[in-house]
Amino acid sequence: MPAEGTFAHLQLLLEIMAEYVESSKPIENCQICRSIDLQSVLFIGYIPPVNTMTDIGSVPREEPAFPLEMVRCQACGHVQIGLEVDSDILFPFSYPYLSGSTRILRDNFSDLYDQCRMVLQLEPSDLVIDIGSNDGTLLSNFYERGFSVLGVDPSRASEVARQRGINTLTAYFSSETAASIKREYGSAKVISAANVFAHIPEPHLIVDSIVELLDDDGIFVSESHYLLSLVETLQYDTIYHEHLRYYHLGAIIRLLEPHGLEVFRVKRIPTHGGSIRVFAAHRGRFKVDISVSETLANEHLAGITDGSALRSFRDRVIRSKVDLHTLLAPIKAKGERIYGIGAPSRASTLINYTGLDDGLIDCVMEVSTSHKLNKYIPGTRIPVLDESKLYVDQPEYALLFSWHIADELMSVLRNKGYQGKFIVPLPTPVIIPLDQ
Ligand SMILES: [Zn+2]
């Protein structure tokens, strides 16, 4: 082969390698205080990106898997993961998640609207911006009462929002996006970020942009999955690459403070198995509610502030994995069937961490409108199939991957005609007897 050809070949190889290397990078500093003193809480394994699902029947091909480790900053107590995966991999345009599709979320956003109105005088001309606005479910509460709204979301859900009349930009929220919004719309009276504030890399840059966009008398409301709930009820399955940070209130205060933002109200809410809604504003604008000091005291008591709760967390997670296999062993020995219920992102972490495969779980059921139908659970050959199959086949067991809403789910499935037993995998794996 001529030397020139070899060179071109090498160059192509280097380009491919560069692309591979750039799809993720280790996070070596605390994203809040910049300390490098990060200690491992739990290494979950090499986990595939949850939104990359291949079609049923496709030939298995090479697929990426990224290390997933929860770490705690020894300097400030903040908890995060140790790797940032390229957002184009994590949030493809086909991102198959619509927030409007769950009742808990719809009720929650209606409650968020009520609380905003309680703390703030709003005029119809006031602008409300939602970061990561998805299909516009949160903003619809403001839009339907005549307020001016703007959503920002990079996924296909932004099209759904526009179709229902919610003004939405298809974009990531960045300093450039914030600057162009400011030029076109002016400042915002309310900026919300529900279940996205933990997803965006470089939180200090995002807070800078929020401060830049926020009216002098405006409020910033964030909702994030709550570290205390995660630890209390062993929700390690909510750890995945999209979730870069696992907030407690102490960490959020330390994140906002250097930017002149003061937390003045906090509420624990039921979404995603336990979240916190945090209200902040320019320092001194709002009276600080007692919920702030109460929440901090509670975090202190629970061992979140000094990290003691995180140390026992790892042992409890490992025990639950062993317990799940102990529970499944006699069922599989009898040749009985287990169908999974629901394929939320958290199912992928649980399945991959505990090593469930298509020999243990026959298939996973999803509703007929789900974008995940007829695909495989990431990292496995477990097919995701239409829920109607559950009522026809009547498998002996149904394993609930959305176990954080187990009671609600079991009653729905019973009413639809499922007659078998339920398995709730976490926090302690249990079989729910037929008479319950
Ligand atoms: Zn830190």
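Note on the range 235-346: Cα Rg divided by 2.2 N^0.38 Å, N the number of residues, gives 1.47. From Cα pairs below 8 angstrom and at least 6 apart in sequence, can you work out the relative contact order of the chain, rounded to a whole percent? Once normalised by length, the contact order is 13 percent.
The Cβ shell under 10 Å around Gly379 holds other residues with a net charge of -1, Lys and Arg each +1, Asp and Glu each -1. Over the range 335-436, the hull volume per residue, using the convex hull of the C-alpha atoms, is 99 Å³.
Give the ranking of His371, His282 by solvent-accessible surface, highest area first, calculated with a 1.4 Å probe.
Working: His371 85, His282 35 Å².
From most exposed to least exposed: His371, His282.
Counting protein heavy atoms only, the range 181-266 has 45 percent of its accessible area on carbon and sulfur, 1.4 angstrom probe. Note on the range 131-284: along the principal axes its Cα atoms extend 43, 36, 28 Å, ordered by decreasing extent. Its DSSP H runs of at least 4 residues, each contributing -39,500 (n - 2.57), put the calculated 222 nm mean residue ellipticity of the chain at -11000 deg cm²/dmol, to the nearest 500.
By how many nm would the segment from Ser388 to Arg314 grow when fully extended, if each residue of separation counts as 0.36 nm and the alpha-carbon distance is taken off? Kindly include the intermediate steps, with their values, before the conclusion.
Values: separation 74, 0.36 × 74 = 26.64 nm, distance 3.74 nm.
Here the segment from Ser388 to Arg314 would lengthen by 22.9 nm.
Can you sort Val71, Val211, Val59 by solvent-accessible area, 1.4 Å probe, largest first? Could you put the intermediate results ahead of the total?
Numbers: Val71 10, Val211 35, Val59 105 Å².
Largest accessible area first, the list is Val59, Val211, Val71.
Quantify, in whole percent, the carbon and sulfur part of the accessible surface of the range 277-436 (1.4 Å probe; protein heavy atoms only).
Numbers: 3870 of 7280 Å².
About 53 percent, which is the carbon plus sulfur part of the accessible surface.
Projecting the Cα atoms of Cys73, His325, Ser348 onto the dipole axis of the chain, where Lys and Arg carry +1 and Asp and Glu carry -1 at the beta carbon, places His325 farthest toward the positive end. Take 335-345, 381-391 and order them by the average number of nearby Cβ atoms within 10 Å per residue, most first; the result is 335-345, 381-391. Straight-line cross-link partners of Lys375 among the aspartates and glutamates, defined as a Cα under 15 Å from its Cα and at least 8 positions apart when in the same chain: Asp55, Glu63, Asp357, Asp358, Asp362, Glu366, Asp386, Glu387. With Cα atoms as the point set, the radius of gyration and Dmax of the chain evaluate to 22.7, 77 Å. Among all the lysines, which ones have a C-alpha under 30 Å from Lys287's C-alpha, if same-chain residues fewer than 8 places away are not counted? Within the straight-line limit of under 30 Å, Lys287 reaches these lysines: Lys182, Lys189, Lys267. Charges were assigned to the Cβ only: +1 to each Lys and Arg, -1 to each Asp and Glu. The resulting dipole of the chain about its Cα centre is roughly 1000 debye. Note down the Stokes-Einstein diffusion coefficient of the range 103-188 in µm²/s, whole number, using a Kirkwood radius over alpha carbon pairs, 37 °C, and 0.692 mPa s. For the chosen part, D equals 250 µm²/s. Counting only DSSP beta bridges with both residues in the chain, the antiparallel share comes to about 55 percent. Sum up the charges of everything whose Cβ sits under 13 Å from the Cβ of His282, counting Lys and Arg as +1 and Asp and Glu as -1, but leave His282 out. Charge balance near His282 sits at -3. Considering only Ser192, Ile377, Leu296, the residue lying farthest towards the positive end of the dipole of the chain is Leu296, judged by Cα position with unit charges set on Cβ. Among Met53, Met118, Met70, the largest mean-square fluctuation in a Gaussian network model of the chain, built with springs joining Cα atoms closer than 10 Å, belongs to Met118.
If you place +1 on the Cβ of every Lys and Arg, -1 on the Cβ of every Asp and Glu, and leave all else neutral, what size is the dipole of the range 224-314 about its Cα centre, to the nearest 20 Debye?
Values: 11 positive and 9 negative charges, 48 e Å.
Roughly 220 debye, rounded to the nearest 20.
Among His225, His259, His199, the largest mean-square fluctuation in a Gaussian network model of the chain, built with springs joining Cα atoms closer than 10 Å, belongs to His259. Using only side-chain charges placed at the Cβ, +1 for Lys and Arg and -1 for Asp and Glu, the dipole size of the range 255-409 relative to its Cα centre rounds to 440 debye.
State in Å² the accessible area per residue of the chain; use a 1.4 Å probe, count heavy atoms of protein chains only, and round to the nearest integer. Don't jump to the answer; show the numbers that get you there.
On the way: 19400 Å² over 436 residues.
Accessible area per residue, the chain: 45 Å².
The values are calculated or read from the model by the stated rules, or taken from the named source; none is laboratory data. Keep in mind that this is a model prediction, so the values were computed, not measured. Positions of Cβ are backbone-derived with ideal geometry, glycine not excepted, and every protein chain shown enters the neighbour counts. Areas reflect the complete protein model, heavy atoms only, side chains present, ligands, DNA and RNA absent. Shrake-Rupley method; radii C 1.70, N 1.55, O 1.52, S 1.80 Å.
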